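Quick notes on the structure that follows.
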Amino acid sequence: MSKGVVRFSVSIPHDLMNVFEKFVEELRYKRSRAVQEAIRMFINEHSWKYKEGEYVYGTINILYDHEVKGLEETLTDMQHSYMDVISSALHLHIDERNCMLVIIVRGESSRVKKLINDITGRRGVKQLKTTVFTSESLAIKNTDDRITKQCDITSQLQQATTAKYA
């Protein structure tokens with residue numbers, strides 16, 4: 001990883017910049033720090049989707065209408081079908097009609113993507129958001145050598161385990 005900083009300019013709408021500046025001030029951030037954090041979050045949110053064989057950890061957050069016939073049963077059946085990547089699930093009743101399901105996942109990225117795709121297309125699913133971390137994203141987020149080495153060791157262990165059972 002190279003040392004130093006890069007300066008660049010961006011064009012954004014005034015309204016977006018005003019909201020950004022308000023949050024930067026309220027959070028007592030420096031503008032550069034806020035932009036760095038936003039870039040890291042953007043990379044983390046999207047990069048895992050394009051890597052095959054990546055081991056991921058995260059949550060799938062689903063807002064759905066429990067009045068839709070068969071949806072709850074389908075979601076439960078899916079959880080049983082994906083037990084290899086689902087660690088736990090939490091069900092929250094929001095109101096008389098809406099529920100939130102939080103599924104905690106860990107496992108191979110293509111399997112997690114398949115689960116997400118299977119849920120997304122269901123009638124009654126109003127919104128689905130994911131938060132996914134990879135060993136790589138942990139290393140990018142914290143440049144401390146100990147954390148980076150720990151992520152490298154974790155990655156090596158995962159590769160060795162995959163090779164052993166392949």
| task | Measure off 7 Å from each Cα along the Cα-to-Cβ vector at residue 19 and residue 38, then give the distance between these two points in nanometres to one decimal. | result | 1.0 nm
| query | Peptides 95-101, 61-67: what's the order by average Cβ count within 10 Å, highest mean first? | reply | 61-67, 95-101
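If r is the Cβ-Cβ distance from residue 114 to residue 65 and R0 is 25 Å, what FRET efficiency results, to the nearest 0.05? Don't skip to the end; give the middle numbers.
Values: r = 23 Å, r/R0 = 0.93.
Efficiency, from the Cβ-Cβ distance: 0.60.
Calculate, for residue 83 and residue 122, the FRET efficiency according to 1/(1 + (r/R0)^6) with r their C-beta to C-beta distance and R0 25 Å; round to the nearest 0.05. Intermediate values should be presented prior to the final figure.
Details: r = 19 Å, r/R0 = 0.76.
With a Förster radius of 25 Å, E is 0.85.
Are any of the pairs 51/114; 49/113; 49/129; 69/126; 51/126 more than 19 Å apart by Cα-Cα distance, and if so, which? Show your work: numbers first, answer last.
Numbers: 51/114 13 Å; 49/113 7 Å; 49/129 13 Å; 69/126 14 Å; 51/126 27 Å.
51/126, as the Cα separations exceed 19 Å there.
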| note | The FRET efficiency for residue 9 and residue 50, from their Cβ-Cβ distance with R0 = 35 Å and rounded to 0.05, is 0.80
| Evaluated over the range 1-79, the Cα radius of gyration and Dmax, each in Å | 19.6, 56
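Rule-based calculations on the coordinates, nothing more; no lab input. What you are looking at is a predicted structure, and each value in this text was computed from that prediction instead of being measured. Backbone-built Cβ (ideal geometry, glycine too); neighbour counts: all protein chains shown.
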